[in-house]
Amino acid sequence: MLPTKTIALLLLACAMLGCRPAPQAETASAAADHRSDAYIRHDWLLPASPGAAQPDLVATSDGRLLLSWINRVPGRRTALQFAAFGGDAQWQGAPRTIAVGDSFFINWADTPHIAATADGALWVHWLQKSAAAPYAYDVLLSRSLDDGFTWSPPVLVNNDGKTVEHGFVSLWPQSRDTLGVAWLDARNSGGEGAHGGMMSLRSAIFSGSLQRTGETELDASTCDCCQTDVAMTARGPLLVYRDRTATEIRDIYVTRRDGDTWTAPKPVHSDGWKMPACPVNGPAVAADDNAVVVAWYTAAGDKPSVQLARSSDAGDSFAAPVTLEQGEAVQGRVDVALDAAQAWVLWVREDAGGQSVWLARYAPDLSRELSRVEVTKLQGRGRATGFPQLALRDGNAYLVWTDIVDGAPQLRGAVFSRN
């Protein structure tokens, strides 16, 4: 069992999941590379202006990187924006605004996502308030056919009509011109606008005209505020999430879409973490053909740690996990990327000296660690720094994170490359 103090803190974090100011600490240092193994760190200048936070970073099949974020500047309306980093290793023009408004539901852990399909369309989702209650919000989805200059009127991903929580979304290209969407849904929680009720995991497919098909419930009981994630295997999209049993065991589960159906959910590993509150710490998954790597945070046995597990059969089975790091300083907030040469893992630590972002590189089969580096020390602390993002392009690792600079959020970036 976790100590009473730790449980109390996690319960408080879950109850206060909305965006509020977090304590700040003025710290900064250069990255300290312990075993660089010929990879060099470069600063990556980002086009986002001060006030940007909640980033999403994805690699597309045409070799680009898409970066989206929410920009909140006092006195201005909230804006959801994005920029594309092209094949010439340059940002493709100025940031473009997807949506502007006063009804966004802003959450440090539940962020908008952007995706692309092979027909050239871009897709994006965001959260929007559905009622005055604190946790009444819906998932909206929009599509662009002109590289993000104009966007379609948004449609509701969830159509239950209930003023409850809907969020923690994953997007994937289901076909050349259709998009898969998975999300957590509180329609069966029995409450209206409250937080912490029973959540289920649902999915649907959206056509180019934003018509919904194949909606289904994948799991009737999930952790209520942990991110979901998805990766494309050679056998279809593999979805990972944190499950929740009747006895409050909150381990990481997977399910894969085979054709028009989903496989029965099963654990990546039976950690046996009994947790009476949501840890706000979801898993990450990456795939290369049928090779899969999942990274996640757990505090099973009162030992906070980041774990990695590999599958060679598109998620049908997983080898015993590798412990990346263990100890009270481990915060999780993981991301992972995989190609034929290596697996990359990104995570956050926090101790008395402040928060820091770390990156490790493993052999693709996780048999050995190749390098480990402290990417940066953060000035911000707590929830204000959110969840860092990781994507691969041409064998290089691209990183984005949120820091607090002069009292305002700001996106920062780095690239790890061979030259």
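Classify the range 142-263 from the C-alpha gyration tensor, please: rounded if a/c falls under 1.5, else prolate or oblate depending on whether a/b exceeds b/c. Numbers along the way, then the final one.
Details: a/c = 2.18, a/b = 1.33, b/c = 1.63.
Taking the square roots of the gyration eigenvalues as a ≥ b ≥ c, the range 142-263 is oblate.
Hey, any idea what % of the chain's accessible area is carbon plus sulfur with a 1.4 Å probe?
Working: 8170 of 16040 Å².
Answer for the chain is 51 percent, counting heavy atoms of protein chains only.
Please compute the contact order of the chain in relative form: average sequence separation of alpha-carbon pairs under 8 Å and at least six residues apart, divided by the residue count, as a percent. Could you put the intermediate results ahead of the total?
Working: 1157 pairs, mean separation 69.7, N = 419.
Answer for the chain is 17 percent.
Rank-order 289-302, 123-136, 253-266, 205-218 by packing density, defined as the average count of other C-beta atoms within 10 Å over each peptide's residues, highest first. Show your work: numbers first, answer last.
Details: 289-302: 21.8, 123-136: 19.9, 253-266: 16.5, 205-218: 14.9.
Ranked by mean Cβ neighbours within 10 Å, highest first: 289-302, 123-136, 253-266, 205-218.
Please compute the Kirkwood hydrodynamic radius of the range 261-419 from all pairs of different C-alpha atoms, in Å with one decimal.
16.4
Taking the solvent-accessible surface of protein heavy atoms with a 1.4 Å probe, what is the per residue accessible area of the chain in Å²?
With all protein chains present, the chain gives 38 Å² per residue.
Between the range 124-173 and the range 233-277, what's the alpha-carbon centroid distance in Å?
That distance is 24 Å.
Under a 5 Å amide H to amide H cut-off, with H placed in plane at 1.01 Å, what residues pair with His113 once short-range neighbours are removed?
Here the answer is His125, since their amide H atoms fall under 5 Å of that of His113.
State the answer as a single residue: which of Ser203, Asn281, Gly407 lies farthest towards the positive end of the charge dipole of the chain, with beta carbon charges of +1 for Lys and Arg and -1 for Asp and Glu, about the Cα centre.
Value: Gly407.
Over the Cα atoms of the chain, compute the convex hull volume and normalise it per residue, giving Å³.
Convex hull of Cα atoms, per residue: 130 Å³.
When the dipole is taken about the Cα centre of the chain, and only Lys, Arg (+1) and Asp, Glu (-1) are charged at their Cβ, what size is it in debye, to the nearest 20?
620
Scattering from the C-alpha atoms of the range 315-388 alone, worked out with Debye: what is log10 I(q)/I(0) at q = 0.15, 0.18, 0.28 1/Å?
Those come out to -0.55, -0.76, -1.38, one per q.
Given that compact globular proteins tend to follow 2.2 N^0.38 Å, what is the ratio of the alpha-carbon Rg of the range 40-154 to that value?
1.09
Let me confirm the definition first: pairs of Lys residues in the chain, 8 or more apart or on different chains, C-alpha distance under 24 Å. How many are there?
For the chain, qualifying lysine pairs total 7.
The values are calculated or read from the model by the stated rules, or taken from the named source; none is laboratory data. These numbers come from a predicted model, not from an experiment. Every residue, glycine among them, receives a Cβ derived from its backbone with ideal geometry; neighbour counts consider all protein chains shown. Surface areas here come from the heavy atoms of the whole protein model, side chains and all, with no ligands, DNA or RNA. Shrake-Rupley method; radii C 1.70, N 1.55, O 1.52, S 1.80 Å.
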